[in-house]
Amino acid sequence: GILWGRDGQTEYAWTLKTQSTSPDQKDIVLDPGAYVNGAPTYSFRDNLKPGVKYVTTWNHGGLTNEFITWINLIHLAYVSQRIPVLPPLLPDEQHLGSGGSSLEASDIFDLPQLAKTLKLPILEWNQLKRARYYKAYIPADKESHEDDEVLGCWSTYEATSEEHDPASALTPHFLHLNVQYTAVPANISTR
């Protein structure tokens, strides 16, 4: 996963108040507006709230793998007290062929109910950053763009896998991100 935030010294914005019943705090966990500055922008950083910590990752493979990625991301967010930002599902030519459009997790699952059950806010990239959501995926979506934002990320791939290269993920190019990876130490354990 990729962890980021705007202010490392501020308490997490979604930490629940104990036994609070005031109307303004009752549903804050479900309100995406509490965790973004407004409507999606061309730069995701413009939409990050100070004092809030986020985590994201990129999907890779077919629907089952992408679903597992979402579940792992939500679990990582839960244990690290960060807000998960779910990546869109992109049509993978190996699985769906070309010409399909992107889908959001909320197109398939009831994310407000999940957030309520987990007491964890859940965001999607389409709430942070403008992109070509719900349009046919085109070859240009796989390429770098002049307006790509640089984002530094940790990667476990080099330490744990010889099969996958994180740079081959489609999502960063789709979101106009230029992701620069730093490998985690080789002695990490994934068990």
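Measure up Lys53/Lys135; Lys49/Lys135; Lys49/Lys116; Lys53/Lys129 against 24 Å on the Cα-Cα distance and list the ones that go over. Don't skip to the end; give the middle numbers.
Working: Lys53/Lys135 30 Å; Lys49/Lys135 28 Å; Lys49/Lys116 21 Å; Lys53/Lys129 16 Å.
The pairs that break the limit, which is 24 Å between Cα atoms, are Lys53/Lys135; Lys49/Lys135.
Once the Cβ-Cβ distance between Tyr134 and Ala186 is put in as r, and R0 is 41 Å, what FRET efficiency do you end up with, to the nearest 0.05?
Details: r = 40 Å, r/R0 = 0.99.
Efficiency for this residue pair is about 0.50.
For the pair Asn65 and Leu118, what calculated FRET efficiency results from E = 1/(1 + (r/R0)^6), where r is the Cβ-Cβ distance and R0 = 35 Å, to the nearest 0.05? Walk me through the numbers before you get to the answer.
Values: r = 22 Å, r/R0 = 0.62.
Using R0 = 35 Å, I get an efficiency of 0.95.
Hey, can you grab everything whose amide H is under 5 Å from the amide H of Leu86? Only 5+ residues off in sequence or another chain; H modelled, so Pro and N-termini drop out.
Long-range HN contacts for Leu86: Leu123, Glu124, Trp125.
Going from most exposed to least, what order do Arg132, Arg82 have by accessible area with a 1.4 Å probe? Could you put the intermediate results ahead of the total?
Numbers: Arg132 75, Arg82 40 Å².
The most accessible residue leads, giving Arg132, Arg82.
Check which residues have an amide H placed less than 5 Å from Leu177's amide H, if you skip close sequence neighbours.
The list, which skips near neighbours in sequence, is Glu149.
The values are calculated or read from the model by the stated rules, or taken from the named source; none is laboratory data. What you see is a predicted model; the values in this text were computed from it and never measured. Virtual Cβ from ideal backbone geometry, glycine too; neighbours counted across all protein chains shown. Heavy atoms of the whole protein, side chains included, go into the accessibility calculation; ligands, DNA and RNA do not. Shrake-Rupley method; radii C 1.70, N 1.55, O 1.52, S 1.80 Å.
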